[in-house]
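Here is the structure we will look at, set down as structure tokens.
The values are calculated or read from the model by the stated rules, or taken from the named source; none is laboratory data. Source: prediction; values computed, not measured. When the accessible area is computed, the model is the full protein with side chains, heavy atoms only, and any ligands, DNA or RNA have been set aside. Shrake-Rupley method; radii C 1.70, N 1.55, O 1.52, S 1.80 Å.
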Amino acid sequence: MLNAVNWDTYWLYVLTEMALSLSPGPAVMLVIACGLAHGARRSTCASLGILSANAIYFAISATALGAVLAASREFFTAVKWVGAAYLVYVGLSAIFGRSSPITVSTAGTRGNAPRDLYFAGLTLQLANPKTLIFFVAILPQFVDARLSIGPQMMWLAAGSIIPEFFILAGYGWLASRARRIATDERYARWTDRIAGTLVLGAAALVMSVTR
């Protein structure tokens with residue numbers, strides 16, 4: 001197993017993945033919003049949903065199906081618009097104070113259960129075209145064609161998912177430090193509006209992504 005990857009490039013891959021994970025995006029925004037609304041422990045549910053989606057994409061990339069999806073303009077376009085539509089729904093729900101994974105003023109209501117936060121993270125990441133771009137444009141650069149694909153994908157998945165878990169957990173923990181203020185009745189609605197606006201901005205970024 002130690003010969004399953006090219007170690008000369010593997011650690012560069014890990015550093016690249018960490019830099020991408022640290023950069024703000026829809027996934028980070030969702031985790032921050034969940035940390036504000038529900039605390040660090042509950043924000044982990046959203047993080048696990050995000051990482052589950054990444055694991056699914058790694059599994060697809062290890063098969064011929066990955067190449068088929070990567071070459072499909074229709075699939076890319078569908079992913080982009082589904083992802084953007086979901087982010088718009090979440091953002092507008094927060095702005096208007098309706099129950100959603102990032103709505104602080106309705107924390108504890110239906111739509112905020114751990115399974116709902118997990119599903120929100122899973123859906124967002126599966127429908128995020130930036131995730132697809134990573135697997136289409138960046139990941140292949142670190143795959144050695146001389147080595148077996150399956151074991152390589154296992155190592156590459158570990159080098160991506162493990163660091164990203166701790167990075168997302170860190171964002172959730174930092175956001176949870178402001179939870180007492182964010183969930184105060186005097187500020188909760190403003191928190192909803194700010195979080196919703198940021199998520200709408202993320203939706204605009206998703207819609208601007210071209211193949």
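Averaged per residue, what accessible area in Å² does segment 7-97 show with a 1.4 Å probe, protein chains only?
Per-residue accessible area for segment 7-97 comes out at 46 Å².
Helix 7-22 and the longest principal axis of the C-alpha atoms of the chain enclose an angle of approximately 20°. With Cα extents along the principal axes in Å in mind, check (1) 71, 37, 33; (2) 60, 35, 24; (3) 51, 39, 29 and report the label derived from this structure. Calculated Cα extents along the principal axes in Å: the matching label is (2).
Apolar share of the accessible surface for the chain: 68 percent from carbon plus sulfur atoms, 1.4 Å probe.
Could you tell me what a quarter of the Cα convex hull surface of segment 150-211 works out to, in nm² with one decimal place?
6.3 nm²
Let me make sure I get this right: for segment 124-169, a, b and c are the square roots of the gyration tensor eigenvalues over alpha carbons, sorted descending. Under 1.5 in a/c it's rounded, otherwise prolate if a/b > b/c, else oblate. Which is it? Taking the square roots of the gyration eigenvalues as a ≥ b ≥ c, segment 124-169 is oblate.
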